[in-house]
1. Output yes when any residue across segment 52-60 is over 18 Å from D2 (Cα atoms), touching a residue at least 12 places away in the same chain (Cβ under 8 Å), open to solvent by 50 Å² or more (accessible area, probe 1.4 Å) and polar (S, T, N, Q), and no when none is.
2. Which one is most open to solvent (accessible area, probe 1.4 Å) among residues in segment 15-31 that are on the phi < 0 side of the Ramachandran plot and at pLDDT below 90?
3. If I ask for residues that are open to solvent by 40 Å² or more (accessible area, probe 1.4 Å), polar (S, T, N, Q) and not in a loop (DSSP other than H, G, I, E, B), which ones from segment 86-127 would you list?
4. Checking A37 against (1) farther than 19 Å from L127 by Cβ; (2) free of Cβ contacts under 8 Å to residues at least 12 places away in the same chain; (3) not charged (D, E, K, R): exactly one of these is not met. Which one?
5. Which of the residues that make up segment 31-47 are acidic (D, E) and closer than 15 Å to V78 by Cα?
Amino acid sequence: EDWAAVLSDSKSKVKWCLYDIVGKDIKFRKRGDGGHAEFLESLADDAILCGGFRVTGLDDAKASVRSIRTKFIFVVWVGTKANNRDKGFLGTNLQSILSKFSGYTMVIKEFNGDLKSLRKETLEAAL
């Protein structure tokens with residue numbers, strides 16, 4: 001439901017959402033309207049999370065036709081202090097978890113709690 005709000009048209013106030021992954025269960029954790037930076041601040045070092053955010057960008061400004069495009073980034077996050085048993089469950093259930101969500105442009109799997117893969121510059125290069 002919250003992921004659907006992120007995917008809805010640009011009039012939606014929900015720009016990101018996060019879910020806790022505990023074993024095979026996915027439970028809503030948090031959502032917000034602050035975008036990418038607020039999403040990053042909400043990631044916990046002691047949790048296994050999934051969720052995503054909306055990014056809106058402008059195609060090449062030098063081109064004669066400029067277009068604004070919206071992309072949806074889905075993230076699977078494993079904090080450095082996450083429970084080892086839950087990490088094991090994630091390994092066997094990752095595809096099942098991802099199948100519950102749709103509409104994303106790309107998936108980032110960060111299993112080491114490293115924010116580098118989620119930096120703005122890294123995302124811009126990947127998109």
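The values are calculated or read from the model by the stated rules, or taken from the named source; none is laboratory data. Keep in mind the model is a prediction, meaning the values are calculated, not measured. A quick note on method: Cβ atoms are made from the backbone with ideal geometry, for glycine too, and the neighbour counts reach across all protein chains shown. These accessible areas exclude ligands, DNA and RNA; they are computed on the full protein's heavy atoms, side chains included. Shrake-Rupley method; radii C 1.70, N 1.55, O 1.52, S 1.80 Å.
1. First, pick out the residues of segment 52-60 that are over 18 Å from D2 (Cα atoms): 56-60.
The next check asks that each one be touching a residue at least 12 places away in the same chain (Cβ under 8 Å); those that pass are 56-57.
Keeping just the survivors that are open to solvent by 50 Å² or more (accessible area, probe 1.4 Å) gives 56.
Restricting the remaining residues to those that are polar (S, T, N, Q) gives 56.
There is at least one residue in segment 52-60 that is over 18 Å from D2 (Cα atoms), touching a residue at least 12 places away in the same chain (Cβ under 8 Å), open to solvent by 50 Å² or more (accessible area, probe 1.4 Å) and polar (S, T, N, Q).
2. Only one residue tops the list, namely K24.
3. Hits for segment 86-127 are T92, Q95, S96, T122.
4. Looking at each condition in turn, A37 falls short on (1).
5. First pass over segment 31-47, keeping only residues acidic (D, E): 33, 38, 41, 45-46.
Correct list: E41, D45, D46.
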